[in-house]
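I have placed the structure first, in the form of structure tokens, so that the comments after it can refer back to it.
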Amino acid sequence: MKAKRFIFSMLVFTLILTLTACNMPNGASSAGTPDIEGTVAAKVAIEHAAQTMVAQTLSAENPNAGQVSTSTNTIEAPVDITFTPTLSPTITMTPTPEGTFLTVSQDTYCRFGGPYSSFKILATVKVGQKVEVIARNPENDSYYVKNPYETNSTCWLYGKYATLTGNPGVLPVSTMHPTPTPTFTPTPTHGFTVSYVSLETCGIQYAFKLFVKNTGSSIWQSISITGSDTATAFAINHSSNTFKEYSGCTAGVIQDDLTPGESSYVLNVSPGQFNYNPTGNNISITVTLCSLDGLLGTCKSIPLSFTP
């Protein structure tokens, strides 16, 4: 483009020089008067030629110059280009849990109230199980922890097999429950006392009256009285599943058993009574009580000698 303009400028300049030279005053003019009309005409011709050349040059550079466009230009709406930024992946940091935790190297019972065997077992903490520690005992050998297997449950764990992480120094000291008093189920004791009271008569029949009292913790259900009159060799053999009391020929209180602390009068009657008066004779007997009817179960015997 710059080359074309330069060529055009040179052509204009050359043309002006040519036309000027053609219209220079003629030295052979007779009167020496300038030819004003010729000069003006030359200038006009030069300007006209220059304008023509400019127009031709512009036309050559832009063939469409001067033409009126009949086309309708359509303005397209701007395209909304939405850029979706590429987000860097979010790095989720796993916070270091605050507090004190422990793991055990051996399965360990976690107990209610204290770590000792006298307390109830709530859970068994398995090897490698992470347990949160709440407090410690004053001796610093046992820990009050959250039960890892049950929500809202706490228990005591003996620290022999425990390894702690965190800061055990900030743990509060907690007091355990008092050691529970063991509840012993006493072994039933079997005991009683027996003593001679009197000789009872009913017509021509005689029997001795004994006083029996349960001094143990078991229940007596049956009785036997065996022995003899050492003077006559009369055999005495009485047994019953009840404890009967008589006064003469009249029956009194009858008890099915003797509970701890109860007592009763008993006689060697039906069977076992004498058919003679044994007064003054030495009577040697053995009184046996048993925990079941029929002289079964646990039985205890007491020998007794007396003279009616």
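The values are calculated or read from the model by the stated rules, or taken from the named source; none is laboratory data. Keep in mind it's a predicted model, so treat the numbers as computed, not measured. Because the Cβ atoms are built from the backbone with ideal geometry, glycine has one as well, and the counts that use them run over all protein chains shown. Each accessible area value is taken on the protein alone, full model and side chains, heavy atoms only, with ligands, DNA and RNA left out. Shrake-Rupley method; radii C 1.70, N 1.55, O 1.52, S 1.80 Å.
Laid out as a table, the results:
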read-out	value
Check on Gly280, loosely packed, with under 13 Cβ neighbours inside 10 Å and over 60 Å from the mean Cα position of the chain (by Cα)	yes
All strands (runs of 3 or more DSSP E) inside region 209-308 with 2 or more residues being over 15 Å from Val194 (Cβ atoms)	222-229, 234-240, 243-247, 250-255, 283-292, 296-306
Criterion (on the phi < 0 side of the Ramachandran plot, charged (D, E, K, R) and open to solvent by less than 10 Å² (accessible area, probe 1.4 Å)) met by exactly one of Asp293, Asp257, Asp229	Asp229
Of residues in region 260-277 being open to solvent by 40 Å² or more (accessible area, probe 1.4 Å) and among the aromatic types (Phe, Trp, Tyr), the one nearest to Ile219 (Cα to Cα)	Tyr265
Criterion: at pLDDT 90 or above, open to solvent by 80 Å² or more (accessible area, probe 1.4 Å) and of a type in the set (A, V, I, L, M, F, W, C) - qualifying residue of Val145, Val197, Val127, Val170	Val127
Any pair with Cβ under 7 angstrom, 6 or more apart, that starts in region 228-248 at a residue that is over 19 Å from Cys290 (Cβ atoms) and ends at one that is assigned to a strand (DSSP E or B) and of a type in the set (A, V, I, L, M)	Ser228/Ala235; Ser228/Ile236; Asp229/Ile283; Glu245/Val253; Tyr246/Leu267
Yes/no for Ser217 being surrounded by 13 or more Cβ atoms within 10 Å (Cβ to Cβ), under 30 Å from Lys120 (Cβ atoms) and either touching a Gly at 6+ places or on another chain (Cβ under 9 Å) or aromatic (Phe, Trp, Tyr) (or both)	yes
